[in-house]
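The values are calculated or read from the model by the stated rules, or taken from the named source; none is laboratory data. This one's a predicted model, so the numbers in the text were calculated from it and none came from an experiment. Cβ: placed from backbone, ideal geometry, glycine included. Neighbour counts: every protein chain shown. For accessibility, only protein heavy atoms count, side chains too; no ligands or nucleic acids. Shrake-Rupley method; radii C 1.70, N 1.55, O 1.52, S 1.80 Å.
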Amino acid sequence: MLTQLHIENFKAWKDTGPIRLAPLTVIFGANSAGKSSLGHLLLALKQTVLSADRKRALQLGDDNSLIDLGTFAECLHRHDLQQALMFKMAWRVSNKLEVKDPVSTVRFHGDELEIDVSLRADPRDQPYVAQMAYTLLQQSQPALTVTYQRSENGKPDIDSPQYKLVRNAGRVWPLDEPDKFYRISDQSRARFQNADFLSDFALHTEAALNSLYYLGPLRDHPKRIYSWSGETPESVGAKGEFAVAAILAASAENRLLNRGPKQRQRRFDEFIALWLKDLGIIDNFSVRPVAEGRKEYEVLVKTHSEASEVKITDVGFGVSQVLPALVQAFYCPPNSTVWMEQPEIHLHPQVQAELADVFISATQARENGKERNVQLIVESHSEHFLNRLQRRVAEGTVKPDDMAVYFCRRTHTGAELEPLRLNMFGEIENWPENFFGDEMADIAGRTLAAIQRKRELEQQGNKG
């Protein structure tokens, strides 16, 4: 689970400041305020991990990748190639880490790992790693820091204030450039007697980013027929194109979920169907083969108990749009992070509010009797969604510490992110100006227009 993110000089962001990431993190803000850029950088880091090119510090992407960031100059704030793109990311590790020095037998322990990277443009305007640091934290306090950077003579070097790295005897061979943005190369580690633990740090970085999933704001249109040959998709896809395949795969694997402690376990397809019903969208939902032994499936729904069963293409658009968000929240593996953009799109205000309950449940759900520990980061424009979150905090369904709410605004210098203070009563103590538009101006304008209109009608009546 990601615990912190800090980005500097990336697109609209000069400096985000430290962003605390909770099990349920929600980011609000106007269009083009910079919300999506935060997730785009994480996607670029993930596709760099997945890339076969070890020498490329940051995989900027193309039409076939998770995200296409264009050129490195286009990634930088104000396209200033003299500035460094810097990011810091921290995450909680599932099993505690131990670093044991084979030379001195000193040990370090931690339950959280942090990577801090500075990327600069080389003579070809391509990104390279100017500095990289790993920090092992124990209960949020630094226990061990190891830094890669160039020394004054321009040669790469690795150093740590707590850990004495011992060179192998013989000629002092120079170190290589890191592999990608996060991995000290095998050749560089081999120059030391006690640097093997850096490989473990890199593996944990890969695991954290491989556990990141993304659902975009534009979902595929529903289909009359879906094909599934038994494969297990990694996710529902950026457009939700694999949502139905994910339902079938999870049900075939007999995955059993419940909404929280002491609640009934259900098979995955039944679990999703019940949520759709509780959201008030439909009364019944099922995925069935068109005929026995076929790989073609149809999604059938009933809008209410007395209605006829029809295909998903023959009902309102909202069902097919919310389905990927609902499936992804519970389909992703335990200890995953899911970044969603506008999951409430095309939904009635009441359903937008109910969706908040779905996401709270997704962070508390259990699978086969074990906690899933799933993290959701949601970009939203819905005040109904926020109102329900505030209500659930006031009711004690979710703790304020298990939520983080931000307001993103665009200023003349770039984007700014303001953390909103949510107290135990569900109240936002620092409500931003024009959070959901200037509501009071609309109310006042409507009232004045009504008064003027009444006067005009009275004048017309007096003339008559």
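Note that the range 183-234 shows a convex hull volume over its alpha carbon atoms of 124 Å³ per residue.
Placing pseudo-labels 7 Å out from each Cα toward the beta carbon at Arg54 and Asp80 gives an inter-label distance of 3.6 nm. In terms of overall dimensions, the C-alpha atoms belonging to the range 281-389 reach 39, 32, 23 Å along their principal axes, ordered largest to smallest. Normalised radius of gyration (Cα atoms, divided by 2.2 N^0.38 Å) for the range 65-123: 1.72. Expressed as a whole number of Å, what is the distance separating the alpha-carbon centroids of the range 217-246 and the range 73-95? Measuring centre to centre over Cα atoms gives 32 Å.
Say the cut-off is 23 Å between C-alpha atoms; which of Lys100/Lys164; Lys262/Lys302; Lys262/Lys399 go over it? Check vs 23 Å cut-off fails for Lys262/Lys302.
His304 contributes about 100 Å² of solvent-accessible surface, heavy atoms of the protein only, 1.4 Å probe. Accessible surface ranking for His412, His346, His384, His40, 1.4 angstrom probe, highest first: His412, His346, His384, His40.
Expressed to the nearest 5 percent, the antiparallel share of DSSP beta bridges inside the chain is 75 percent.
Taking all protein chains as they are arranged and a probe of 1.4 Å, the heavy atoms of Thr313 leave approximately 40 Å² accessible to solvent. When all alpha carbon pairs of the range 215-365 are counted in 10 Å bins from zero, the resulting P(r) reads 11, 44, 38, 7, 0 %. Built from the Cα atoms of the range 1-105, the convex hull projects on average onto 9.9 nm², one quarter of its surface area. Excluding residues fewer than 8 places away in the same chain, name every one of the aspartates and glutamates whose C-alpha is closer than 19 Å to that of Lys14. Hits, sequence-local ones excluded: Glu74, Asp80, Asp116, Glu416, Glu418.
Note on Lys46: lysines with a C-alpha under 16 Å away, same-chain residues under 8 apart excluded, are Lys55, Lys88, Lys180.
Along the chain, the longest continuous region that contains none of the GluC sites (Glu not before Pro) in a DSSP loop with at most 14 other C-beta atoms within 10 Å is 1-151. One decimal place: the segment Gln265-Glu418 gains 51.2 nm when fully extended, by the rule 0.36 nm per residue minus the C-alpha distance.
Ordered by 1.4 Å accessible area with all protein chains kept, Val166, Val378 run largest first as Val166, Val378. The Cα trace of the range 21-75 gives Rg and Dmax of 13.1, 38 Å, the first to one decimal, the second as a whole number. Per the Debye calculation on the chain with a single equal scatterer at every Cα and no solvent contribution, log₁₀ I(q)/I(0) for q = 0.10, 0.12, 0.13 Å⁻¹ amounts to -0.83, -1.11, -1.24. Sorted largest first, the principal axis extents computed over the alpha-carbon atoms of the range 142-204 equal 31, 24, 22 Å. Roughly how large, in nm² to one decimal, is the mean projection of the convex hull of the alpha-carbon atoms in the range 260-310? Over every viewing direction, the Cα hull of the range 260-310 projects on average to 4.6 nm². The listed residues Met424, Met132 rank as Met424, Met132 when sorted by accessible area, largest first, using a 1.4 Å probe. Using the rule -39500 (n - 2.57) for each DSSP H run of four or more residues, divided by the residues of the chain, the 222 nm mean residue ellipticity is -8500 deg cm²/dmol. What's the longest bit of the chain with no exposed trypsin sites (Lys or Arg not before Pro), using DSSP loop states and at most 15 other Cβ atoms within 10 Å as the test? Counting at most 15 other Cβ atoms within 10 Å as exposed, the longest clean stretch of the chain is 296-420.
If you take the alpha carbon atoms of the range 105-225 and fit the smallest convex hull around them, that volume is 195 Å³ per residue. A probe of 1.4 angstrom, applied to the heavy atoms of all protein chains, finds Tyr134 with accessible area near 10 square angstrom. Remark: spin-label model distance Glu429-Arg20 equals 1.1 nm, labels positioned 7 Å along the Cα→Cβ axis. Taking max minus min of the alpha-carbon positions on each principal axis, the range 221-269 gives extents of 36, 21, 20 Å, largest first.
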